[in-house]
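Asker: The structure follows.
The values are calculated or read from the model by the stated rules, or taken from the named source; none is laboratory data. Fair warning: this is a prediction, and the values are worked out from it, not measured in the lab. Here the Cβ is made from the backbone with ideal geometry for all residues, glycine too, and neighbour counts use every protein chain on show. All accessible areas refer to the heavy atoms of the entire protein, side chains included, with ligands and DNA or RNA removed. Shrake-Rupley method; radii C 1.70, N 1.55, O 1.52, S 1.80 Å.
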Amino acid sequence: FLLKPFGSRGLLRLKVCGILEKMALKWAAVLMLGLTSSCAEEVSPGFLQSELLALRSELAEQQKIIKLQQEQLESMARAPRSLQTDYAAQIQELEDKDSSLGAALDSCWLLLCGALVMFMHA
């Protein structure tokens with residue numbers, strides 16, 4: 001409906017602006033109706049004080065939660081990280097085991113290849 005050409009862009013723009021203006025007026029009327037109905041009710045001072053106390057207690061609970069979360073964050077920041085620990089000794093031990101295994105495999109391959117060469121020349 002809005003995207004149909006009306007012969008010129010100016011006419012389309014006028015049509016869209018007219019529809020938006022009507023929507024804005026409708027929303028303004030709904031808002032005014034809501035505000036007048038909420039203002040018509042009188043609020044007692046006791047009700048306002050109880051609301052204020054409830055909000056203050058909720059605020060205090062939120063502040064406690066925030067403080068607890070900050071403490072947890074600080075403790076996590078102080079804790080040593082597993083990626084930053086020193087594994088140099090363990091790496092060296094594994095490399096030593098690996099080199100002894102590599103030397104044993106090299107010896108086995110030399111013996112096997114030597115036996116094959118001997119059988120080829122025989």
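Asker: Restricted to segment 44-63, and to residues that are open to solvent by 80 Å² or more (accessible area, probe 1.4 Å) and modelled with pLDDT under 85, which residue is nearest to the chain's Cα centre (by Cα)?
Answerer: LEU48
Asker: In segment 85-115, what count of residues is obtained for those that are open to solvent by 100 Å² or more (accessible area, probe 1.4 Å), at pLDDT 90 or above and among the aliphatic types (A, V, I, L, M)?
Answerer: Residues in segment 85-115 being open to solvent by 100 Å² or more (accessible area, probe 1.4 Å), at pLDDT 90 or above and among the aliphatic types (A, V, I, L, M): 2 in total.
Asker: Identify the residue in segment 68-82 that is surrounded by fewer than 10 Cβ atoms within 10 Å (Cβ to Cβ) and of a type in the set (D, E, K, R) and, among all such residues, is modelled with the lowest pLDDT.
Answerer: Filtering segment 68-82 for residues that are surrounded by fewer than 10 Cβ atoms within 10 Å (Cβ to Cβ) and of a type in the set (D, E, K, R), the one modelled with the lowest pLDDT comes out as ARG81.
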